[in-house]
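J.: Would you mind keeping the following structure in view while I ask a few things?
The values are calculated or read from the model by the stated rules, or taken from the named source; none is laboratory data. A quick note: this is a predicted structure, and the numbers were derived from the prediction, not measured. All Cβ positions, glycine included, derive from the backbone under ideal geometry; neighbour counts span all protein chains shown. With ligands, DNA and RNA removed, areas are computed over all heavy atoms of the protein, side chains included. Shrake-Rupley method; radii C 1.70, N 1.55, O 1.52, S 1.80 Å.
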Amino acid sequence: QVQLYESGGGLTQAGDSLRLSCATSGRTVSSRLMGWFRQAPGKEREFVAAILWTSTTYYADFAKGRFTISRDNTKNMLYLQMSALKPEDTAVYYCAAHSAGSLYSTSSYNVWGQGTQVTVSS
């Protein structure tokens, strides 16, 4: 059984940077595609970024150039480095382990963390 634990969220100002971390426990996820999603109040959960075990990465358009996803399989860690943050980036951020299907779809991930709140003030 895989468990995921996000950390690193908080209150920050527009233009600042923040790094989110996702620790994994239980069965290894080193060979699995891992992703970050976010959910703003009143909105659906949306794809942010994903990374293969080969470190090939995929990003939502809003994340390209500002966010960087990475993983350290030796430490069972997943990261999301966010820079040039905007108020519209305010959301709960979740890491997730992919199961099957499109990497952009929430239904393709079968393990989720509890989420970490990111709030960006203007």
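J.: Test of understanding: given the chain, find the longest segment containing no trypsin sites (Lys or Arg not before Pro) that are in a DSSP loop and have at most 15 other Cβ atoms within 10 Å.
T.: On the way: sites that count: 27, 43, 64, 66, 75.
Longest run free of exposed loop sites: 76-122.
J.: Taking the Cα centre as origin and putting +1 on Lys and Arg beta-carbons and -1 on Asp and Glu beta-carbons, what dipole magnitude results for the chain, to the nearest 20 debye? Show your work: numbers first, answer last.
T.: On the way: 11 positive and 8 negative charges, 51 e Å.
With only Lys, Arg, Asp and Glu charged at Cβ, the dipole is about 240 debye.
J.: Hey, quick one: spin label on residue 43, modelled 7 Å out along Cα-Cβ, who in the range 1-33 has an amide N within reach, i.e. under 19 Å?
T.: Within reach of a label on residue 43, which here means backbone N under 19 Å from a point 7 Å along Cα→Cβ, the range 1-33 contributes 9-20.
J.: What is the calculated FRET efficiency for residue 31 to residue 117, with r their C-beta to C-beta distance and R₀ = 30 Å, to the nearest 0.05? Don't skip to the answer; put the middle values down first.
T.: Details: r = 30 Å, r/R0 = 1.00.
Between residue 31 and residue 117 the formula returns 0.50.
J.: For the range 24-87, which whole-number percentage of the solvent-accessible area (1.4 Å probe, protein heavy atoms only) is attributable to carbon and sulfur atoms?
T.: Values: 1640 of 3350 Å².
With neighbouring chains kept in place, the figure for the range 24-87 is 49 percent.
J.: Among the aspartates and glutamates, which have Cα under 16 Å from the Cα of residue 86 when same-chain residues fewer than 8 positions away are ignored?
T.: Residue 86 reaches 16, 61.
J.: Quick one: Debye curve from the C-alpha atoms of the chain, no solvent, what's log10 I(q)/I(0) at q = 0.12, 0.22 Å⁻¹?
T.: Here the Debye-derived log intensity ratios amount to -0.38, -1.30.
J.: For the range 19-99, which chymotrypsin sites (Phe, Trp or Tyr not before Pro) are in a loop by DSSP, counting at most 16 other Cβ atoms within 10 Å?
T.: Working: sites: 36, 37, 47, 53, 58, 59, 62, 67, 79, 93, 94; in loops: 53, 62.
Counting only loop positions with at most 16 other Cβ atoms within 10 Å, the chymotrypsin sites (Phe, Trp or Tyr not before Pro) in the range 19-99 are 53, 62.
J.: Work out Dmax and Rg for the range 1-61 from the C-alpha atoms and quote the Rg first, both in angstrom.
T.: Considering the range 1-61 through its Cα atoms, Rg and Dmax are 13.5, 38 Å.
J.: Let me ask another. Evaluate the relative contact order of the chain (contact order divided by residue number), counting alpha-carbon pairs under 8 angstrom at least 6 apart; express in whole percent.
T.: On the way: 306 pairs, mean separation 43.0, N = 122.
Dividing the mean separation by the residue count of the chain yields 35 percent.
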